[in-house]
1. Can you give me the relative contact order of the stretch 150-215 as a percent, contacts being Cα pairs under 8 Å and 6 or more apart?
2. How high is the relative contact order of the chain, in percent, with contacts defined as C-alpha pairs under 8 Å that are six or more residues apart?
3. Taking amide H positions as placed 1.01 Å from N in the peptide plane, with prolines and chain starts having none, which residues 5 or more places from Thr124, or on another chain, fall under 5 Å of its amide H?
4. Which residue, Ala233, Gly254, Phe291, has the largest displacement toward the positive end of the dipole of the stretch 220-347 when charges sit on each Cβ (Lys, Arg +1; Asp, Glu -1)?
5. Once you have a ≥ b ≥ c as the square roots of the Cα gyration tensor eigenvalues for the stretch 80-158, tell me rounded if a/c is under 1.5, and otherwise prolate or oblate according to whether a/b is larger than b/c.
6. Given Val313, His271, Ile303, which one lies farthest toward the positive end of the charge dipole of the stretch 239-314, if we put +1 on the Cβ of every Lys and Arg and -1 on the Cβ of every Asp and Glu?
7. Given +1 on the Cβ of Lys and Arg, -1 on the Cβ of Asp and Glu, and no further charges, what dipole in debye does the stretch 216-325 carry about its Cα centre, rounded to the nearest 20?
8. Dipole of the stretch 50-162, Cα-centred, from +1 at each Lys and Arg C-beta and -1 at each Asp and Glu C-beta, to the nearest 20 debye?
Amino acid sequence: MTLAVRYTSARTLDTAPATASEPGPGEVELAPAYVGICGTDLHIFHGDMDARVAAPAVLGHEMAGRIVRVGPGVEEWHPDDAVTVMPLRWDDTCPACRAGHQHICQHLDFIGIDSPGAMQQRWTVPASTLIRLPATLPLDQAALVEPTAVAVHDVGRAAVKDGEKVVVVGGGPVGILIALVARAVGAEVRVVELNAHRRLLAEELGLSTWDPAAADITELVQQWAGEAGADVAFEVSGAAGGVDTAVDVLGVRGRLCLVAIHPRPREINLHRFFWRELTLVGARLYDRSDFERAVALVADGTIPAQRLITKIVPMTEAPAAFEALESGGDVMKILVDCTDDTQGATA
């Protein structure tokens, strides 16, 4: 018998026994080591996704671990291989899949939301979802590959180029990762963030930040970029004010990349889009090439994953970890240690 962290109802998690299923054809059984908690997990925790998530539900899709067993027909993977999982299962028959956009399949199974996730001691998944990890990459750092893949996809969707001026609105984990990936392709980056702790961490990573409570961001952009404005803005805050800021900072033919999940419709200045011929680009999830690029960025230190991990907690402390992230505060990324249900550590 193994343990799993389960969402049971709004703001309620438990740690309960779970039965590991033997891997079938084309499947592998994993021992997740570390699982990150993300904004989508918090939406589930709040009860906002009850229409989609069937309780009790095992959460978690940001993970790294090792293979325990392989099912029939799986030849390229072996026990003890270090892996992460691209948690997407598509049908290959819908119009999106037929057009080559399997990652946004119209009937997508997002593993960890629509089906059981990684926050358990044993987890069976299709071998097709596995991404190999370097043997030298610590598994706690590798748990940040999935959100880094999000950032890689976002920067790619926005077509960020060397020398461009980029504004990232929202300095949470994904916002910081977007800023780091954009910087890695040669962009000049500014991060807009209200939270002082997050600004300090970003600055320690060599990023420049602005506090929207202390200054007019549009004026700062004019000083920084001149009359041209920013080339690209990423909206990662999920707030109405963040949308306004992201639109206002863009120069002529600027690109706005929408990353955050906005649970309700937002007003947007369409006249600004008309007047400056702006482009709005949606960015959701990732594909295998994004994941492989993310592995390389974490492994070579371009993404200083260890600096983004605030703490690591045992499975039994997962509810408290969700509450800590919910409160905002001096927290960036919390990992759940699925290797031992009694011991936790502070990173």
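1. 30 percent
2. In percent, rounded to a whole number, it is 18.
3. Amide H neighbours of Thr124, under 5 Å, 5+ apart: Ser21, Leu30.
4. Ranked along the dipole, the leading option is Gly254.
5. Judged from the Cα gyration tensor, the stretch 80-158 comes out oblate (a/c at least 1.5, b/c at or above a/b).
6. Positive-most Cα among the choices belongs to Val313.
7. So the dipole magnitude of the stretch 216-325 works out to roughly 260 debye.
8. Details: 9 positive and 14 negative charges, 13 e Å.
That gives a dipole near 60 debye.
The values are calculated or read from the model by the stated rules, or taken from the named source; none is laboratory data. No experiment lies behind these values; they were computed from the predicted model shown. Neighbour counts are summed over all protein chains in view; Cβ atoms, including those assigned to glycine, are modelled from backbone coordinates with ideal geometry. Please note that ligands, DNA and RNA were not included when accessible areas were found on the heavy atoms of the full protein model with its side chains. Shrake-Rupley method; radii C 1.70, N 1.55, O 1.52, S 1.80 Å.
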